Amino acid sequence: MKRMKQVRLTPVAALVASALVLSACGAGGRDDDDGDAADSGSTVGVTDDKVTIGAHFPLTGVAAPGYNEIPTGARAYFDFVNANGGVHGRQIEYVVRDDAYNPTNTTKVTNELLLQDEIFAMVGGLGTPTHSAVVDQLNEEGVPDLFVSSGSLMWGDDPEARPMTFGWQPDYESEAKIIGQYVAENMPDAKVGLFLQDDDFGEDAEKGARQFLEEQIVGVERYTSGNTDVGPQIAGLQGAGADLVLGFNTPAYTALARLVSLSLGYEPQWFVSSVGSDSPLVGSLLAEFSEGAVKPGAGALDGVMTTEYIPTLDQGDDPWVQLWERVWEEHGEKGDLSNYKIYGMSHAYALVQALQGVGEDLTREGLVEFMEEQGEGLDGPQLAPFRYGTDSHLGISGMRIVELEGRGSKELTPVLVTDIGDAEITEDTSGQADDAPPESGIPE
Amino acid sequence: MERISRLVGSTLARHLLVAALGMVVVVMALTAVSDFRRFQLAEMACLAIAAGGLTVLTGLNGQLSLGHGALMAVGTYTTALLLPDRDASTPLVLVVLISVCTATLVGALVGVAAARLHGPYLAGATLALAVAVPGLALHFRETLGGEQGIPVVAPPPPGWAEDATYFLTASDLTPRGWIAFLAWSTLILSFLLLANLSHSRVGRRWRAVRDDPVAAELAGIVVGRSRVSAFMVSAAAAGAAGSMLALVVRLAAPGSFTLALSLTLIAAVVLGGLGSLTGALLGAALLTFLPQFVTQIGRDAGLDDVRAAELAPLVYGLVMVLVILLAPGGLFGVIRGALTRRRARRALAARSVEASTSTRPDPDSPPDEQLTDPSGDHRTATTTEGAPR
């Protein structure tokens, strides 16, 4: 018995020995596999006829509805540009990876994008918890990280700490300030309740809103994303006597909150931030959650106030929306154009413009430099200008307040611009909202 | 000579030898592959460590845990809190040890509760753990960072590791390579400990409790204590896995520790083969590489992004169903079965008709036991039978 085991182990021992010898041999002159080629690799992902960019989005899982349409829209626009000759002769290759809104997966797919697909830049990566898992890595490795699809302050308030990262949509604090001031001026008697997502979204928003509404706020309720029972929160707002609810929440929670308040017989005026107010999506969610008791379709959010910072689908006579319709018709996939696709197309447009601006010699450093120096002057569908510069990498500076009605919306204010902190809220004078895309649909 | 053969014959020496061989293979593999594969391998190691702990708990002790993701979270958060910035002075080994201890402690608490429960009640209690622990991170957002989590600053590779890598492979050690090396070292160490433990008296007690608690009790085993100890060992493995995961992902966030993670661990155990450490390794490998591979195939086949991404969970589900239908013993069970059959055929060819009956694989015996008992002994018998005495 003992002898048998010994015999069986001999090959194992031999393997160990030969493996050791083998690995010792490696010390000689092998010189493959040099890993990351230090900082000279600033043209990673760029060739004479191609530039590869990447993004992480939730394509599967609970966060996927709505958000998975953003990359579809962006891809349609890139295809449109490619069909017209690309940028400086380069075709844009757009690689989208699914992170299912899980930060661990975001790290995984970002490594895949950086090491396997060798992307030149990350464009439009979605989500605060997800993107914050990779933002340091992107900055450490010198990868441009443009137009993060989230309104967290983190993407732009400290360019020294994150020199490669640039925000895109208006940050939550600025948005809440604009909403807060509007309420304070136009509804000074309203008893305000805040309905907040319990993370940095709600936190930044509360900070902004309190600048103007400290006296008027009667109740603050927070929900945890993922917990679908918002009964206690809505009952809390009802109990506090709030007759105007400011919601800083995602679309699913707009629907849930509406549904619960209907069943409680609570009918406050709703004011939902831009994040949670996509009328078609909320409408279909309402129908789904109520198991058909609420009819799907437009009009689910009639009378609700919200903000907008890019023209949306209902504004069919806006030249930008007309461009998006044309792009979708020519290069879109199945399905109809939606506001999420427009969102994707809008940041795709900004990227193409930046790539045009950098010129023929495209490097990562060159792109970031261009964004800091000239990013503020980028055209595009956004209603207010970007805030890019050496002191701030925050995105769009303002928005207008609208009331939703049927398929469309009614403007309540002109475009208002502001910034984080004590910055004043002023009417936008840049004329950004009135521009139109060039005839070709491709920035020059 | 006699002494050497006794040494080689001992379980410990055999496991040490396999571990050393494993280490060499790992170093060679990590040298040969790209940086991205290193990252994937590191991720696979994390999954495998936790699955190894779970397979010991479920396969050897018969307790089901739906909460191992939460125990990993304990390890991850402990590591994250101990490595707040680049200047963190706690040595890495200590950080990992503390993480393991914290998870073991939590495991002991849960284990005490779990020892009183069985079947669906146990599943329910551990399920509650999986749901509650990520919630803690949201509740104590000041210290635990809320939804956004705590960034982890992985310490850079030490000088000796860089020198050794250059000496052995003539290439520089990348940070990802270093982390992958750490994760695999932890994997090999923890598998070594788990393998030894399950072949020892403790392991036999666990099996006795799994097979028949009443009989075990009658034989003088304190069933409760045995169950708690199994849970603690398993939790320690989960803690080590979590600690490594913190270094690999460089973030501790509640979004990483959903119920899906706990279920993934169970899936790895089932796919690989319940109760076998090799199986846990196979299962972890499958779950790490399959989704990316399938998505890539989908993409190459011209599917759009969303469709290609949706392909991965679909194939995952199909593979799961197929494995359970066609290979209830898991992948390792299939391999082991094939090996045993081949041996049996050889023995047959070598003559001896009755030998074929005694070497027929016994489907009921957990794969792990094969090393020590019945089949090993049978084989000795068959091969020596024909030899002149």
| request: Please tell me if B:GLY376 is within 14 Å of chain A (Cβ to nearest Cβ) and modelled with pLDDT of 50 or more. | output: no
| request: Consider only pairs whose beta carbons are under 6 Å apart and that are at least six residues apart or on different chains; among these, list those whose first residue lies in segment A:191-208 and is β-branched (Val, Ile, Thr) and whose second residue is in a loop (DSSP other than H, G, I, E, B) and open to solvent by 10 Å² or more (accessible area, probe 1.4 Å). | output: A:VAL192/A:GLN216
| note | How many residues of segment A:206-233 are within 26 Å of A:ASP419 (Cα to Cα), within 14 Å of another protein chain (Cβ to nearest Cβ) and not acidic (Asp, Glu)? The answer is 1
| query | Mind checking which residues of segment A:319-334 are touching a residue at least 24 places away in the same chain (Cβ under 8 Å) and either assigned by TED's automatic domain parsing to the domain that holds A:ALA205 or part of a loop (DSSP other than H, G, I, E, B) (or both)? | reply | A:GLY332, A:GLU333
| field | Lone unmet requirement of (1) more than 14 Å from chain A (Cβ to nearest Cβ); (2) touching a residue at least 24 places away in the same chain (Cβ under 8 Å); (3) open to solvent by 50 Å² or more (accessible area, probe 1.4 Å); (4) under 30 Å from A:THR72 (Cα atoms) for B:ILE297 | value | (2)
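For (1) open to solvent by less than 20 Å² (accessible area, probe 1.4 Å); (2) of a type in the set (A, V, I, L, M, F, W, C); (3) away from chain A (no Cβ under 13 Å); (4) within 21 Å of B:LEU57 (Cβ to Cβ), each residue gets a yes or a no:
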site: B:GLY75; (1), (2), (3), (4): yes, no, yes, yes
site: B:THR90; (1), (2), (3), (4): no, no, yes, no
site: B:PRO120; (1), (2), (3), (4): no, no, yes, yes
site: B:HIS139; (1), (2), (3), (4): no, no, no, no
site: B:GLU147; (1), (2), (3), (4): no, no, no, no
site: B:ALA170; (1), (2), (3), (4): yes, yes, no, no
| task | Could you pull out the residue among B:THR278, B:THR288 that is within 14 Å of another protein chain (Cβ to nearest Cβ), surrounded by fewer than 24 Cβ atoms within 10 Å (Cβ to Cβ), under 14 Å from the mean Cα position of the chain (by Cα) and of a type in the set (Val, Ile, Thr)? | result | B:THR288
| query | Can you name the residue in segment A:159-198 that is open to solvent by 10 Å² or more (accessible area, probe 1.4 Å) and within 14 Å of another protein chain (Cβ to nearest Cβ) and, of all such residues, is nearest to A:SER132 (Cα to Cα)? | reply | A:ARG162
| field | Options A:SER430, A:SER440: the member that is modelled with pLDDT under 85, farther than 22 Å from A:MET305 by Cα, more than 22 Å from the chain's Cα centre (by Cα) and assigned to a loop (DSSP other than H, G, I, E, B) | value | A:SER430
| task | Give B:GLY337, B:GLY317 a once-over and let me know the one that is under 13 Å from B:LEU271 (Cβ atoms), modelled with pLDDT of 85 or more and of a type in the set (Gly, Ala, Ser). | result | B:GLY317
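Go through segment A:417-434 and give me each residue that's open to solvent by less than 40 Å² (accessible area, probe 1.4 Å) and under 20 Å from A:TRP320 (Cα atoms).
A:ASP428, A:GLY431, A:GLN432, A:ALA433 - these are the residues of segment A:417-434 that are open to solvent by less than 40 Å² (accessible area, probe 1.4 Å) and under 20 Å from A:TRP320 (Cα atoms).
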| Residue list for segment B:149-168, restricted to those being assigned to a loop (DSSP other than H, G, I, E, B), within 12 Å of chain A (Cβ to nearest Cβ) and surrounded by fewer than 17 Cβ atoms within 10 Å (Cβ to Cβ) | B:VAL153, B:PRO156
| said: Considering only residues that are open to solvent by less than 30 Å² (accessible area, probe 1.4 Å) and in a helix (DSSP H, G or I), which ones fall in segment A:225-242? | reply: A:GLY231, A:GLN233, A:ILE234, A:GLY236, A:LEU237
| query | If A:ALA384 satisfies every condition in (1) at pLDDT 85 or above; (2) surrounded by 20 or more Cβ atoms within 10 Å (Cβ to Cβ); (3) more than 20 Å from the chain's Cα centre (by Cα) but one, which is the exception? | reply | (3)
| said: Looking at segment B:239-271 only, could you name the residues that are more than 10 Å from the chain's Cα centre (by Cα) and small (Gly, Ala, Ser)? | reply: B:GLY239, B:ALA240, B:GLY242, B:SER243, B:ALA246, B:ALA252, B:ALA253, B:GLY255, B:SER256, B:ALA260, B:SER262, B:ALA267
| Of the conditions (1) touching a strand residue (DSSP E or B) at 6+ places or on another chain (Cβ under 9 Å); (2) open to solvent by 10 Å² or more (accessible area, probe 1.4 Å), A:GLY389 fails just one. Which one is it? | (1)
| task | Scan segment B:300-320 and report the pairs whose first residue is more than 10 Å from chain A (Cβ to nearest Cβ) and whose second residue is surrounded by fewer than 16 Cβ atoms within 10 Å (Cβ to Cβ) and of a type in the set (A, V, I, L, M, F, W, C), with Cβ atoms within less than 8 Å and a gap of 6+ or a chain change. | result | B:VAL315/B:LEU290; B:TYR316/B:LEU290; B:VAL319/B:LEU290
| Of all the residues that make up segment B:137-172, how many are in contact with a Ser or Thr (Cβ under 9 Å, 6 or more places away or on another chain), of a type outside the set (D, E, K, R) and farther than 30 Å from B:VAL74 by Cβ? | 4
| Out of A:VAL304, A:VAL218, A:VAL272, which single residue is in the same structural domain as A:GLY193 (by TED's automatic domain parsing), open to solvent by 30 Å² or more (accessible area, probe 1.4 Å) and among the β-branched types (Val, Ile, Thr)? | A:VAL218
| Quick check: anything in segment B:241-257 of a type in the set (Phe, Trp, Tyr), part of a helix (DSSP H, G or I) and in contact (Cβ under 8 Å) with a residue 60 or more places away in the chain? | no
| said: Can you tell me how many residues within segment A:127-147 are more than 8 Å from chain B (Cβ to nearest Cβ) and open to solvent by less than 10 Å² (accessible area, probe 1.4 Å)? | reply: 10
| query | Which residues, counting only those in segment B:306-316, are open to solvent by less than 20 Å² (accessible area, probe 1.4 Å) and not aliphatic (A, V, I, L, M)? | reply | none
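If only one of A:ALA74, A:ALA100 is buried (at least 24 other Cβ atoms within 10 Å of the Cβ) and modelled with pLDDT under 90, which one is it?
Going through A:ALA74, A:ALA100 in turn, the sole match is A:ALA100.
The values are calculated or read from the model by the stated rules, or taken from the named source; none is laboratory data. Just so you know, these numbers come straight off a predicted model, no measurement behind them. Don't worry about glycine lacking a Cβ; one is built from the backbone with ideal geometry, like all the others, and counts go over all protein chains shown. Keep in mind that these areas ignore ligands, DNA and RNA; they rest on the heavy atoms of the full protein, side chains included. Shrake-Rupley method; radii C 1.70, N 1.55, O 1.52, S 1.80 Å.
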